[in-house]
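S.K.: What follows is a structure written as structure tokens; I'll ask about it next.
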Amino acid sequence: MLSRIMDGFAIIGRFTKYFGLCGNAGILSGIISGFILMLASLENNTSISDKELFYIGFILTIFCYSIVLIVFSGLGSYTIKSIALPSFINSVLVVFTTVYITNYFDCFCYAWLLGAIIGLLIGLILCRINSFNKNIKNGL
Amino acid sequence: MACNEGIRPKCGVVSPPAIEEEKKFDQVNAIGNVLVIAIVAFVIIILVLSIITFLVQAAITTAGVATGVIAAAVAAIVILIIVTNKFNEICGSGPKGGTTECVAGVVSNIKNSFSELSEDVFPFTINPSRIDVVVKSDYWSIVERNATNVYCTNDDWPRKSEIMRCYFKDAEACNALTGAVVGTMTGLVAGMAAAGVAAAAIGCATFFFCLIGIIVGAILGILAAVLGAFVGGQVGKATGTAEVDEIRSQIVIGDLITVQGNMLRREAEGGANVLWYVNLVSELGVVPASISNNPFSYCEIDEILSMDACTL
């Protein structure tokens, strides 16, 4: 049974290859920010002002960006220099979108799932834009 | 020495080979695995909903403590999974499958465990000791078999040669990882306690303060787990009885050897075939001083090692 579960995780691991660096970084930022939003909403479900929403996005961005850098440079084979800027842009977009959409639809209980989907979409779009720019540079 | 211009090493990352039987087997496995994933996902969802219900009831009185502790626990458990995964890979049954293979060549590189500072500080980055063998061209088909990555020397064609990475079971790395697992578990408990205290101190008067409490809790969980892994790793390394592999300790760069072991495709190395672990080594001598080791090439090794222990 345990080996089956590990095989299952291995299949999920294989799927992550298709998402590329941007997709995986987006999912990571989205899940972390969404999970923290979910936990915070369980303790305090008062309404959030626009100013507070910005501060929340800002703090979460710093936290998620740090985690993404640690995970991809420490456990992955990337250098911090090569991923610093793209993962920063990724984290900013994913976290702020997750925070604002979660608050707008008031769906804090499912914020982690929403964050994962938003992260995947934004990550894939960023990957596509990046490859499009590369093709232009290469004259294709 | 003459190189064989009729053969070319398949270096770097290549497309995975299409093998129908393996594909069918994978499909059958995949269906079973998808079912398992669905069951596990269902259980996780039920667990999450139960936790949410519990927290909603507890939230009124805990003032941020529960969520801070949960954040710390989740962060520390992620670290624990990473450490345990590494422990299973190196000390347990390791990656599944593999076939017994034998290759011959010259040792071009030796990398012992704990040769980098990061392996001392973060035990979950440890790799067991390994030697890199520049293999005879006769054995390139073994190195390439079903591999999606092939290691090669930095030489230009036609001198470029294929390399087989050969890992040895490493008692010292295993001791350190055992200590790291215990240390991470201790760190998990300590991190949860520290996170609870910190979250209570920060309080949960507004949504923003709740969020800060959770982030602080998560950071404390990560720090405690990593610190626990480091301390546990050092204690395990220092107190464990490391059985030194005599054969490995005698191998030096330039040795002509045959190595036999379990060959498998290692995903962590881009799908390259490696010997994990070596179980038999035969030393056949040393390359003559006249031969360049910058780097070694099959052009010379094929001639020097016309006979090797694999063919016996």
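S.K.: Hey, can you tell me all the residues within the stretch B:78-94 that are under 30 Å from B:Ala200 (Cα atoms) and either modelled with pLDDT under 80 or surrounded by fewer than 18 Cβ atoms within 10 Å (Cβ to Cβ) (or both)?
M.R.: First, the residues of the stretch B:78-94 that are under 30 Å from B:Ala200 (Cα atoms): B:78-83.
Answer for the stretch B:78-94, where residues must be under 30 Å from B:Ala200 (Cα atoms) and either modelled with pLDDT under 80 or surrounded by fewer than 18 Cβ atoms within 10 Å (Cβ to Cβ) (or both): B:Val78, B:Ile81.
S.K.: Let me ask another. How do the pairs read when you match residues in the stretch B:137-149 that are farther than 14 Å from B:Gly6 by Cβ with residues anywhere that are aromatic (Phe, Trp, Tyr), using Cβ under 7 Å and keeping only pairs 6 or more apart or on different chains?
M.R.: none
S.K.: Which condition number does B:Ala205 fail, the rest of (1) within 14 Å of another protein chain (Cβ to nearest Cβ); (2) outside any helix (DSSP H, G or I); (3) within 21 Å of B:Ile163 (Cα to Cα); (4) hydrophobic (A, V, I, L, M, F, W, C) being met?
M.R.: B:Ala205 satisfies all of (1) within 14 Å of another protein chain (Cβ to nearest Cβ); (2) outside any helix (DSSP H, G or I); (3) within 21 Å of B:Ile163 (Cα to Cα); (4) hydrophobic (A, V, I, L, M, F, W, C) except (3).
S.K.: If you don't mind, another one. Just to check your reading of the model, which residue among B:Ala198, B:Ala218 is in a helix (DSSP H, G or I), crowded, with 21+ Cβ neighbours inside 10 Å and touching a residue at least 24 places away in the same chain (Cβ under 8 Å)?
M.R.: Sole residue among the options that is in a helix (DSSP H, G or I), crowded, with 21+ Cβ neighbours inside 10 Å and touching a residue at least 24 places away in the same chain (Cβ under 8 Å): B:Ala218.
S.K.: Could you tell me whether B:Glu267 is touching a Phe, Trp or Tyr at 6+ places or on another chain (Cβ under 9 Å) and acidic (Asp, Glu)?
M.R.: For B:Glu267, the condition - touching a Phe, Trp or Tyr at 6+ places or on another chain (Cβ under 9 Å) and acidic (Asp, Glu) - is not met.
S.K.: Hey, another quick one. Before we move on, is B:Ala229 touching a Pro at 6+ places or on another chain (Cβ under 8 Å), of a type in the set (A, V, I, L, M) and within 14 Å of chain A (Cβ to nearest Cβ)?
M.R.: It is true that B:Ala229 is touching a Pro at 6+ places or on another chain (Cβ under 8 Å), of a type in the set (A, V, I, L, M) and within 14 Å of chain A (Cβ to nearest Cβ).
Residue-by-condition table, conditions (1) free of Cβ contacts under 8 Å to residues at least 60 places away in the same chain; (2) outside any helix (DSSP H, G or I); (3) aromatic (Phe, Trp, Tyr); (4) within 12 Å of another protein chain (Cβ to nearest Cβ):
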residue: A:Lys51; (1), (2), (3), (4): yes, no, no, yes
residue: A:Leu60; (1), (2), (3), (4): yes, no, no, yes
residue: A:Leu69; (1), (2), (3), (4): yes, no, no, no
residue: A:Tyr78; (1), (2), (3), (4): yes, yes, yes, no
residue: A:Phe88; (1), (2), (3), (4): yes, no, yes, no
residue: A:Thr98; (1), (2), (3), (4): no, no, no, no
residue: A:Leu114; (1), (2), (3), (4): no, no, no, no
residue: A:Leu120; (1), (2), (3), (4): no, no, no, no
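S.K.: Continuing with the same structure: Could you go through the stretch B:143-163 and let me know if any residue there is aromatic (Phe, Trp, Tyr) and surrounded by fewer than 19 Cβ atoms within 10 Å (Cβ to Cβ).
M.R.: yes
S.K.: Would you confirm whether any residue within the stretch A:36-49 is at negative phi, at pLDDT 80 or above, outside any helix (DSSP H, G or I) and more than 9 Å from chain B (Cβ to nearest Cβ)?
M.R.: yes
S.K.: Next question, about the same structure. Quick test of your reading of the structure: B:Cys210 fulfils all but one of (1) in a helix (DSSP H, G or I); (2) modelled with pLDDT of 85 or more; (3) assigned by TED's automatic domain parsing to the domain that holds B:Phe122. Name the failing condition by number.
M.R.: (3) is the only condition that B:Cys210 fails.
The values are calculated or read from the model by the stated rules, or taken from the named source; none is laboratory data. Keep in mind that this is a model prediction, so the values were computed, not measured. Please note: Cβ atoms are built from the backbone with ideal geometry, for glycine as well, and neighbour counts cover all protein chains shown.
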